Amino acid sequence: PKTMTTCFFSVYPWDKSSLKSLPVDLQQLKKLDAYALEVNVKNSVEELVKVLLKQARTDLEKVRAIWMWICHHIEYDVVGYHNKSQLSSKPRDVLQMGKSICEGYAELFEHMCSLAGIQCKKLSGYAKGHGYKTGQTFTGDSDHAWNAVYLEGRWHLLDSTWGSGSVDDSFTKFTYRYNEFYFLTHPALFINNHFPDNSNWQLLKPTLTLKEFENNMLHNSNFYMLGLLAVHPETPIIQTVNGKASVSVDCRSGTLFMFKLKGTDEHGLMTLKKHGMELDIYPQNTGSHKLEIFAKPSKAEASDDVYKCVVEYVVECGSVDRDMRFPKDLHQPVGPSWFSERQGFLRPSHPEPVLHTNDGRCSLTFTLSKNISVLTSLHTDGSSLAEDMGRRHVLQIHRGNQIELKVHLPHSGSFVLKIYSKKKSDPGNYDYIFNYLIRCPNTEVKWPAFPKSYSKWLQDYEILEPLSGLLPANRNVQFKLKMHGVTKVLVQAEAGNTYPLTQNRDCWEGTCNTSGCREVVVMVHENANHSFYSQVLKYEVETQ
């Protein structure tokens, strides 16, 4: 099919700038649209057209007024659809009933246009509409009807049935939901889900064969309305290779995506790109799986702030890659992106979504563009990391507007590093921003947590040593801490022994003996006049 699409676009190019076959200024039509919606004539089609055309001067405006009225006043007859013999699609009956199936929409449209003096044809053919199954073939009689209208010396396509709304999955309820996409749709896009009985009415050169129509990827109207441009692969059925399938979407910038494989997003790795997204899927069962891709604009109006399905695949999986199971805490998309950048995390040291470490340690850096506080936590399947411990396996180090995140893994396996932030001025909660997947194959790995820190441990303080939150027993341990704005620092061992640290430039240094104690606390005097100390760090000591 590759050659087919190239030749079909080169002769009738869709230049991706307009979704329509005629330039239409929707802003200019607003007044006419509003007028047409208010018209309420039910006694005769002639009378209805007469009233509608009062505000319409050009042929385009006449067609628009008729289109708007039908899309908002005729509902799809779900009962009649199941019992077609009882159904009349004569324009007068459709108007009186206020409902019909596609046949009636198309005949009413044609009749109203002819009364308005505009050439219009009713077309029939196959459509990838309700009940369509990805990759299916079409046989027998045509199953849908739509129209062509003659404007400005050319024919144009429209579908008022699909412009008016949609039917639910069980085909028992119709909902009005106006869809601009199906008004004068560009033929290169209309062919995506409409295949006319007479191929001349594709309005394409060369025309597509039925086979090509069946094999072509179905992009619904959301796909184009959200400014998406292309998907790869372009075939609706994908075979996995060694348990993996890959999909990508190209779009204009600033689009958010999500996916569902058999209704869940656990078995994949999706990354957001500046102009789209990339997704690797690892089904954990063989067989055929439905894969749905959803999208929404990132700067959405409240009304658009929902993910809409834009494309569907069937993934056929012959073998399963068990090693590519992901922790259930992993959140899609994975890795940094324009989205995390917009939240203030610039220049990531690791732009990729997955970090591999053999010794169980890794370090990531970012430049923070905003005055934000950062919260991090480490997660894995199983109970090895309770929530507070998950926080203590990641250490933040701030130097100016740079932040370094040091991660020490408690054991081998797959981990999720989650990163949250909030404005420093905000009292409220932290917002989740993004996450990484960390993999460590080395079963020898067993890093203790970092020391526990308290609120008086300031963001730009730094532990140089000891980094491990678990100190050896019966040892002299070297301390070296970077702190400012304090006048005294003590390390207190449980046995009542305290070890003062001495200041050397911006570091406080000294040793502490861990004999006979289970924990060690670092205390600071913030002010020479204060008599009390504040706890800043706490270390555990290994048991004998």
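Could you say which residue among Glu540, Glu519, Glu509, Glu494 is in contact with an Asp or Glu (Cβ under 7 Å, 6 or more places away or on another chain) and open to solvent by less than 70 Å² (accessible area, probe 1.4 Å)?
After applying the criteria, what remains is Glu519.
Filter the range 221-265 down to the residues that are surrounded by fewer than 20 Cβ atoms within 10 Å (Cβ to Cβ), within 25 Å of Arg325 (Cβ to Cβ), in contact (Cβ under 8 Å) with a residue 60 or more places away in the chain and of a type in the set (A, V, I, L, M) and list them by number.
Correct list: Ile237, Ile238, Met258.
Take the range 186-212 and flag every residue that is open to solvent by less than 20 Å² (accessible area, probe 1.4 Å) and farther than 21 Å from Gly131 by Cβ.
Answer for the range 186-212, where residues must be open to solvent by less than 20 Å² (accessible area, probe 1.4 Å) and farther than 21 Å from Gly131 by Cβ: His186, Pro187, Ala188, Leu189, Gln202, Leu204, Leu208.
Could you check, for the range 379-387, whether at least one of its residues is open to solvent by less than 40 Å² (accessible area, probe 1.4 Å) and of a type in the set (Gly, Ala, Ser)?
No.
Of the numbered conditions (1) in contact with a helix residue (DSSP H, G or I) (Cβ under 8 Å, 6 or more places away or on another chain); (2) modelled with pLDDT under 95; (3) among the basic types (Lys, Arg), Lys133 fails exactly one; give the number of that condition.
The single condition Lys133 does not satisfy is (1).
Mind listing whichever residues of the range 525-544 are of a type in the set (Val, Ile, Thr) and under 47 Å from the mean Cα position of the chain (by Cα)?
Within the range 525-544, Val536, Val541 meet the criteria.
Got a sec? Which of Leu437, Leu471 is closer than 30 Å to Lys422 by Cβ and modelled with pLDDT of 95 or more?
On inspection, the qualifying residue turns out to be Leu437.
Do we have Ser124 as within 30 Å of Asn216 (Cβ to Cβ), surrounded by 20 or more Cβ atoms within 10 Å (Cβ to Cβ) and of a type in the set (Ser, Thr, Tyr) here?
Criteria not met by Ser124.
State yes or no: is Leu364 touching a Cys at 6+ places or on another chain (Cβ under 7 Å) and either open to solvent by less than 60 Å² (accessible area, probe 1.4 Å) or not in a loop (DSSP other than H, G, I, E, B) (or both)?
So Leu364 does not fit the description; no.
Would you call Gly510 at positive phi and in a strand (DSSP E or B)?
Judged against the criteria, Gly510 is a match.
Any residue that is open to solvent by 30 Å² or more (accessible area, probe 1.4 Å), in a loop (DSSP other than H, G, I, E, B) and either outside the structural domain of Asp250 (by the TED database) or among the hydrophobic types (A, V, I, L, M, F, W, C) (or both) - is there at least one of those in the range 286-293?
no
Kindly establish whether Gln332 is out of contact with any Leu (no Cβ under 7 Å at 6 or more places or on another chain), outside the structural domain of Gln402 (by the TED database), modelled with pLDDT of 95 or more and closer than 17 Å to Tyr432 by Cβ.
Considered against the rule, which asks whether it is out of contact with any Leu (no Cβ under 7 Å at 6 or more places or on another chain), outside the structural domain of Gln402 (by the TED database), modelled with pLDDT of 95 or more and closer than 17 Å to Tyr432 by Cβ, Gln332 comes out as yes.
The values are calculated or read from the model by the stated rules, or taken from the named source; none is laboratory data. Small disclaimer: the values here were computed from a predicted structure and weren't measured. We place every Cβ from the backbone using ideal geometry, glycine too, and count neighbours over all the protein chains shown. The accessibility values were calculated without ligands, DNA or RNA, using every heavy atom of the protein model including side chains. Shrake-Rupley method; radii C 1.70, N 1.55, O 1.52, S 1.80 Å.
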